[in-house]
Structure formats: C-alpha cells, structure tokens
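**Student:** Below is a structure I'd like to ask you about.
The values are calculated or read from the model by the stated rules, or taken from the named source; none is laboratory data. Predicted, not measured: the structure shown is a model, and the values here were computed from it. Cβ sites come from the backbone with ideal geometry, for glycine too, and all protein chains shown count toward neighbours. What goes into the accessible areas is simple: the full protein's heavy atoms, side chains included, and nothing from ligands, DNA or RNA. Shrake-Rupley method; radii C 1.70, N 1.55, O 1.52, S 1.80 Å.
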Amino acid sequence: MHPSDERSQKIIRALQTADLDALIPLISGRWPAATVPTPQVHSLLRHLFAQARQDGLNLLHPPADFHAWLLQHASTNVNAAPARPNTVRLRLSLLSTLYSALQDQGLLLIHPLRGLQRPPNERSGAPLLPRADLERLHRQAASDTTLLAALILIDQHAYRVRELLSLHWEDFDPATGSALRPHAVTRLSDTALQALRPLLAAAGGTLYAAGRVFPYAGDRELRAALFRACKAANVPYTPPGELRRVSLRDHPHTPQSAGFSAADPRRLEQATTLAQGLAAALQNDEP
C-alpha cells in the first residue's frame, strides 16, 4: 500500500491525532480477533490514545523518550488504578501489532517498540487447560449429569463455585432460560439449558422443582467429583476457578453472560485480559 492512497492518509491522520475510533476500522483484519475482540482492543488502548492526545504526542513518529512514556501510561488504567502486568503486556502487544501492520503497509520504516523491555508475564505456572482436554472432560462427565451441568455452567457462563452452590430453582426461569446471579441476570445458552434439563426433571419438573440446583454439600464435594472425572478422562486436575478462566479465555462474554455487573464492565475486561494474558501476550510478538 502506497502512503499516498486515501486509506493510508486516513491511518496517518488517525495516528498523528491519536484518534483510536477512526484507526481501529482502518486496521481491521490485523487485530488478533480470535483472542482479543475489537471492543476489547478499544478498551485496552483508549487510555494510551487519550493520553497521547492530551500530551500532543505523535504516535506515528513518537519522540525519543517514547518507551518511558509508554510504560508509564500502559501501567495505569482509565481510573488511574495500577494495571496488572498481563494487562500492560497485552496493551503493548496490541500496539506492537498495530506498528507491525503499519510496517507491512509501508507507512513505517522502524518499529517504535523495538527494544522495549516489557514486564514479566503474570502467570509463570502451567497454561490453562486446552479446549480439546476440556471437551474430553465434558464427555467423561456425561454419565454424571450433576457434575456435567456444573461444568457446563462454568464453561458457558463463567460460574463461580459459590454461585453454583447457592443457585436455587427459584432463581431459574425455564420459560425465558434466565438465571438470577449475585450481580446479573444471565440468559443461559442452549447448551447450558440442555445440561440442566435432567436435573430439573429429577427435581420434579418446572411446577415442583425447589431448593438448591446442585446437591453438593459444599465446595469439597464438587471438587472431589471433578478430581475423579479429570482422572478418568486422563486430563490434568483443573480446579473450578481455572475452568472459569478457560471460559473467559475462550468465549466472547458480555457482563451479563459471565455474571458481572453491567454497571462496571471493566471488571469483565480485566478478568478476560488476565485469562487471555496467557495467550503469552499475543505470543510475545517482540518486534
């Protein structure tokens, strides 16, 4: 792409004026949409672009102290709270993806993030369970309808253990497929509704079901059932909290679908960013 064409000129202007809203659609197809949806790209980069606009900083040809400026502002959120290391890494990686796209289009000769020292990955342990292993675990749990329903709610809607154990049939509306949660009302997916049907029938059906949906006496009993299923499926034991992060990693959640308050969407953004941070900050795309 030649810098003189109209689209290139729009990209140049958007960077010079730090206009993220104009820039994102111009770079469509270059963002890693499978792991970071476009709305999250905007959420992660808006603070940096707003700060660049405030400081009069040209993002197309940044100044010599750009790395120091970038690390300072990537390390804080819109509300001035400190950002977690994986959030910082993801912001830097998205910006690196942008600059790599500009190089590919002939709009930059030198990558502005070359040599930038990034913060260490927040998660230094084992990666989250791969989707193929999770599906094998679900197939293994098919004979235990109670455990399977719990696993499906965790995977489809990022349920926490305490939410599962406190879920009552009175919190569930079979007519609409909606479930009341501490911070949201979630419209359950067809997969989740299908998993709950055997439990609903065993509880007396729509007219008579009452009390707790899951009969586990407590957290320990649920984890014990999960441990046995993991062993039988020959997958590493993965506690419910880690399975919830797999959900946040793999599914494009809304606050309602994942049980977060719609009044504070940043909570979902932060949780998703952390879960996806083991996308190794977009495979450590150092320029």
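**Student:** I'd like to know if region 96-113 contains one or more residues that are crowded, with 20+ Cβ neighbours inside 10 Å, free of Cβ contacts under 8 Å to residues at least 24 places away in the same chain and in the same structural domain as GLN9 (by the TED database).
**Tutor:** No, there is no match, as no residue in region 96-113 is crowded, with 20+ Cβ neighbours inside 10 Å, free of Cβ contacts under 8 Å to residues at least 24 places away in the same chain and in the same structural domain as GLN9 (by the TED database).
**Student:** Now for a separate question. Across region 52-109, what is the number of residues that are of a type in the set (Gly, Ala, Ser) and touching a Lys or Arg at 6+ places or on another chain (Cβ under 7 Å)?
**Tutor:** Number of matching residues: 2.
**Student:** Sticking with this one: Name the single residue that is surrounded by the fewest Cβ atoms within 10 Å (Cβ to Cβ) among those in region 205-225 being among the hydrophobic types (A, V, I, L, M, F, W, C) and in contact (Cβ under 8 Å) with a residue 12 or more places away in the chain.
**Tutor:** The qualifying residue surrounded by the fewest Cβ atoms within 10 Å (Cβ to Cβ) is ALA210.
**Student:** Condition first: closer than 23 Å to PRO252 by Cβ, hydrophobic (A, V, I, L, M, F, W, C) and modelled with pLDDT of 85 or more. Can you find one or more residues in region 24-34 that meet it?
**Tutor:** Yes; the residues of region 24-34 include at least one that is closer than 23 Å to PRO252 by Cβ, hydrophobic (A, V, I, L, M, F, W, C) and modelled with pLDDT of 85 or more.
**Student:** Considering only region 129-147, state which residues are under 24 Å from the mean Cα position of the chain (by Cα), open to solvent by less than 40 Å² (accessible area, probe 1.4 Å) and among the aliphatic types (A, V, I, L, M).
**Tutor:** Selection gives LEU129, LEU134, LEU137.
**Student:** In region 180-204, how many are without any contact (Cβ under 8 Å) to a residue 24 or more places away in the chain, more than 18 Å from LEU147 (Cβ to Cβ) and surrounded by 12 or more Cβ atoms within 10 Å (Cβ to Cβ)?
**Tutor:** Selection size over region 180-204: 2.
**Student:** Pull out all pairs, ordered by first then second residue, where Cβ-Cβ is under 6 Å, the residues are six or more apart or on different chains, the first lies in region 69-94 and is surrounded by fewer than 15 Cβ atoms within 10 Å (Cβ to Cβ), and the second is modelled with pLDDT of 85 or more and not in a strand (DSSP E or B).
**Tutor:** Partner pairs satisfying both residue conditions: VAL78/HIS47.
**Student:** Could you identify the single residue in ARG162, ARG187, ARG136 that is modelled with pLDDT under 95 and among the basic types (Lys, Arg)?
**Tutor:** ARG162
**Student:** So, in region 49-74, how many residues would count as being part of a helix (DSSP H, G or I) and closer than 17 Å to ILE12 by Cα?
**Tutor:** Total satisfying the criteria: 4.
**Student:** Still on this structure, please answer the following. Which residues, counting only those in region 226-241, are over 11 Å from ASP133 (Cα atoms) and surrounded by 17 or more Cβ atoms within 10 Å (Cβ to Cβ)?
**Tutor:** Of everything in region 226-241, those that are over 11 Å from ASP133 (Cα atoms) and surrounded by 17 or more Cβ atoms within 10 Å (Cβ to Cβ) turn out to be LEU226, ALA229, PRO240.
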